[in-house]
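Structure first, then comments.
FYI, it's all coordinate maths here, none of it is from the lab. A quick note: this is a predicted structure, and the numbers were derived from the prediction, not measured. Using ideal geometry, Cβ is built from the backbone for each residue, glycine included, and neighbour counts are taken over all protein chains shown.
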Ligand SMILES: [Mg+2]
């Protein structure tokens with residue numbers, strides 16, 4: 001069966017059920033001209049949107065429709081986490097190629113819905129059209145945050161510790177396994193999972209914003225080496241990263257030992273970690289670490305903000321150098 005067999009409205013009927021998990025008075029979801037939802041006083045609405053194109057952001061040959069749907073929403077959720085907010089309403093627009101079956105399309109929505117359910121997100125609306133060749137998904141996601149708690153990239157201060165809320169490089173290692181070492185994939189389930197179905201750090205982002213202890217925050221989508229530049233630029237500061245502090249999972253270490261990839265490129269140059277990158281003053285660092293650790297979350301100090309505008313790295317052997325991005329660009333898939 002194909003989308004055209006039941007048409008857009010038939011399709012809407014099929015995806016409508018289970019899409020709203022927080023029905024409330026005044027809410028209008030999928031199926032009307034507009035979706036309507038309430039804005040509470042004292043709260044800011046966050047809105048983020050991401051478009052994913054087949055062959056540009058993902059390969060249909062190596063991802064199941066479920067994984068594509070899941071990951072498309074995960075990337076958006078991670079952006080809401082980066083502001084410290086709570087995700088609320090998702091709008092999913094999709095361009096469907098001829099060779100994607102209705103079953104596959106519904107599976108893609110199943111992946112999205114599973115993650116949506118986990119984080120109390122409604123799939124509130126969207127648009128569906130046909131595509132001549134590639135699958136395209138655009139998700140717009142709203143979130144809410146108390147007006148005075150939102151965190152931005154621009155708030156970092158000189159001397160702030162630079163911290164991350166998860167291991168670095170697992171997703172990049174997972175991608176390398178998927179593309180280049182398929183026979184070994186089953187030995188690295190966590191790396192594969194981290195690449196296909198990462199859990200966005202919504203809880204961590206909320207804990208950070210509610211603590212009022214951090215000065216700036218974003219999420220790591222392009223890799224620490226690239227993303228720290230956004231905080232630096234927005235805050236008009238430089239940064240120093242310490243290679244020996246980069247946190248890694250056991251599976252990542254095993255992957256390094258077995259395949260000997262370019263370490264820095266894999267750890268901080270590829271990205272899709274979807275953990276949070278934040279800065280906190282030195283005096284607030286221990287308290288914030290305690291807040292996150294007490295909730296069972298990871299929290300690692302990987303460097304500090306500095307005067308100037310350069311990004312430096314201190315290698316394990318103690319040598320300090322400017323961290324260049326060139327040379328990794330061709331490796332990046334997106
Ligand atoms: Mg982001």
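So here's what we get for this one:
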quantity	calculated
Residues 9, 119 arranged by fewest to most Cβ contacts within 10 Å	9, 119
Gap separating the Cα centres of the range 264-284 and the range 179-210, nearest whole Å	14
Residues 68, 162, sorted so that the one with the fewest Cβ neighbours within 10 Å comes first	68, 162
Near-label residues of the range 69-84 by backbone N, under 19 Å of a point 7 Å along Cα→Cβ of residue 129	none
Exposure proxy order (Cβ contacts within 10 Å, fewest to most) of 56, 136	56, 136
Share of alpha-carbon pairs per 10 Å distance bin for the range 1-113, given as whole %	11, 40, 35, 12, 1
Computed FRET value (nearest 0.05) for residue 17 with residue 154, which takes r as the C-beta separation and R₀ as 41 Å	0.45
FRET efficiency, residue 310 to residue 245 (Cβ-Cβ, R0 25 Å, nearest 0.05)	0.85
Cα gyration tensor of the range 68-191 - equivalent ellipsoid semi-axes, whole Å, descending	29, 24, 13
Residue with peak Gaussian network fluctuation, the chain [Cα springs, cutoff 10 Å], from 258, 290, 89	258
Relative contact order (%) - criterion: Cα under 8 Å, at least six apart; region: the range 14-92	19
From the C-alpha gyration tensor of the chain, square roots of 5λ in Å	35, 26, 16
Rg/Rh (Cα only; Kirkwood hydrodynamic radius) as it applies to the range 191-242	1.02
Structure-based [θ]222 nm, the chain - -39500 (n - 2.57) summed over DSSP H runs of at least 4, per residue, nearest 500	-10500 deg cm²/dmol
DSSP beta bridges in the chain [antiparallel fraction, %, rounded to 5]	75
Virtual spin-label span in nm between residue 98 and residue 259, 7 Å along Cα→Cβ	3.6
Per-bin percent of Cα-Cα distances, the range 137-282 [10 Å]	11, 39, 32, 16, 3
Gaussian network model of the chain, Cα within-10 Å springs - most flexible of 215, 293, 122	293
Percentage relative contact order, the chain, counting C-alpha pairs under 8 Å, at least six apart	22
FRET efficiency, residue 59 to residue 144 (Cβ-Cβ, R0 30 Å, nearest 0.05)	0.30
Share antiparallel - DSSP beta bridges, the range 3-146, percent rounded to 5	65
Stokes-Einstein translational diffusion, the range 213-334 - Kirkwood Rh over all Cα pairs, 0.692 mPa s, 37 °C, in µm²/s	214
Residue of 241, 179, 86 that the Gaussian network model of the chain assigns the largest fluctuation, springs spanning Cα pairs under 10 Å	179
Three-way shape label, the range 222-281, alpha-carbon gyration tensor, a/c 1.5	prolate
The range 153-322: relative contact order in percent, alpha carbon pairs under 8 Å with at least 6 residues between	43
